[in-house]
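**Q** Right, I'll just put the structure down here and ask away after.
Where a number appears in this text, it was derived from the coordinates with a stated rule and is not lab data. The shown structure was predicted, so the numbers you read here are calculated from the model rather than taken from an experiment. Counting neighbours? That spans all protein chains shown, and the Cβs are built from the backbone with ideal geometry, glycine included.
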Amino acid sequence: MKTVRLEAPAKVNYRLDVIRKRPDGYHELRMIMQRVGLCDVITISLVEEPGIRVRCGRDGVPDGPGNIAWRAADALLQLSSVQTGIEIDIDKRIPVAAGLGGGSSDCATVLMGLNDLLGLDLSRERLMEIGVKLGADVPFFIYRQTALAEGIGERLSAVDAVSPVWMVLVNPNVHVSTAWVYQNLQLTSDSGTHIIPRFYGSIDEICAVLHNDLESVTISAHPVIGEIKELLVADGARGALMSGSGPTVFGLFPDEASARRSAGRLAVERGWFAAAVATL
Ligand code: ATP
């Protein structure tokens, strides 16, 4: 039996501009995406019993073909001549449906892990092509560096951003439907007209670019997101923003100690998920 154990990191969006709605219904975006050190742990094993089995054991995450990690395994098994079964165990540490890209990262990690285990030798570009059909954020997690993502998220170019940056992720555990957020978004003509730098030499330069077109839509339904931003800034964050379609908010801190203090306080006093993490 061959087994690998891999970490699948979360992401935050330093920037999310919605440029336009395409005729096919997808939204064209421009995002700066950053991986952070909050990871699901994925164990992939090749086993004798045929078929694909995914175990996650987390409410709201399906175990079978509904799991995006299952679909990643299926896509690669179809390209392989190896007769094998696949078992995938997901230790879920990234909050689900949170704007942190957990499912997409699990999917990318399974694609990369099985590429090695099955000896497929597919290029990174080929894995990204397979990945984008499974989820728009999947190619970013295969790219594995801070990126400007355009199109629906599949056109990636490298961004040079200072790292590590310490941040606090706060999830108030409210449910946000990504579809609802996009349906309620009013596009303005100036979206995407700002120049986005490709180099960020300090945390303040990152704070200057922080913006998310989806934030005001999600805050209108969940004002607690605005409250979290204010609490993070009061705790010493240089800037704070909602990630993706939310509800997770991240605050950028000048050092590890102040990030850990704030995360500990928000978790204890408010009962929210709050974690101090560094950029990868
Ligand atoms: P994004 O930032 O890419 O929009 P997200 O963090 O908001 O992603 P996910 O945690 O990826 O959202 O989950 C979205 C939905 O996908 C969940 O409601 C869940 O049922 C489903 N799902 C399928 N597979 C997974 C997986 N491996 N991990 C998490 N969710 C999964």
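**Q** Name the residue, out of 96, 47, 132, whose mean-square fluctuation peaks in a Gaussian network model built on the chain with Cα pairs under 10 Å.
**A** Ranking 96, 47, 132 by mean-square fluctuation puts 47 first.
**Q** Can I ask one more? Taking a ≥ b ≥ c as the square roots of the eigenvalues of the Cα gyration tensor of segment 166-278, is the shape rounded (a/c under 1.5), prolate (a/b larger than b/c) or oblate? It would help to have the intermediate numbers written out before the result.
**A** On the way: a/c = 2.55, a/b = 1.18, b/c = 2.15.
Taking the square roots of the gyration eigenvalues as a ≥ b ≥ c, segment 166-278 is oblate.
**Q** With contacts defined as alpha carbon pairs under 8 Å and 6 or more residues apart, what's the relative contact order of the chain in percent? It would help to have the intermediate numbers written out before the result.
**A** Details: 616 pairs, mean separation 61.7, N = 280.
Computed over the chain, the figure is 22 percent.
**Q** Of the lysine pairs in the chain, how many meet both conditions: Cα atoms under 21 Å apart, and a spacing of 8 or more in sequence or different chains?
**A** Details: 11/92; 11/133; 11/229; 21/133.
The result is 4.
**Q** Another question about this same structure. Distances over 36 Å make up what percent of all Cα-Cα pairs in the chain?
**A** On the way: 5730 of 39060 pairs.
Taking all Cα-Cα pairs of the chain, the fraction more than 36 Å apart is 15 percent.
**Q** Taking the simple approach of a point 7 Å from Cα along Cα-to-Cβ for both residue 162 and residue 199, what is their distance in nm?
**A** With each label point 7 Å from Cα toward Cβ, the separation is 1.4 nm.
**Q** If I stretch the segment between residue 6 and residue 96 completely, what's the gain in nm (0.36 nm per residue apart, minus their alpha carbon distance), one decimal?
**A** 30.5 nm
**Q** Here is a follow-up. What is the extension gain from residue 260 to residue 174, computed as 0.36 nm multiplied by their sequence separation minus the C-alpha to C-alpha distance, in nm to one decimal? All intermediate terms of the calculation are to be shown ahead of the outcome.
**A** On the way: separation 86, 0.36 × 86 = 30.96 nm, distance 2.29 nm.
Taking residue 260 through residue 174 to full extension adds about 28.7 nm, to one decimal.
**Q** Right, next: Using a 7 Å offset from the Cα along the Cα-to-Cβ direction at both residue 81 and residue 21, what is the distance between the two label points in nm, to one decimal?
**A** It works out to 4.9 nm between the two label points.
**Q** May I ask you to derive the relative contact order of segment 2-158, considering only C-alpha pairs under 8 Å and at least 6 residues apart, and to give it as an integer percent?
**A** Details: 338 pairs, mean separation 43.5, N = 157.
RCO, segment 2-158: 28 percent.
**Q** So what is the calculated 222 nm ellipticity per residue for the chain, using -39500 (n - 2.57) for each DSSP H run with n of 4 or more, over all residues, to the nearest 500 deg cm²/dmol?
**A** Details: 9 runs with 87 residues, N = 280.
Result for the chain: -9000 deg cm²/dmol, rounded to the nearest 500.
**Q** Whole number please: convex hull volume per residue of the Cα set in segment 160-211, in Å³? Present the calculation step by step, with values, prior to reporting the outcome.
**A** Values: hull volume 6.4 nm³, N = 52.
Residue-normalised Cα hull volume stands at 123 Å³.
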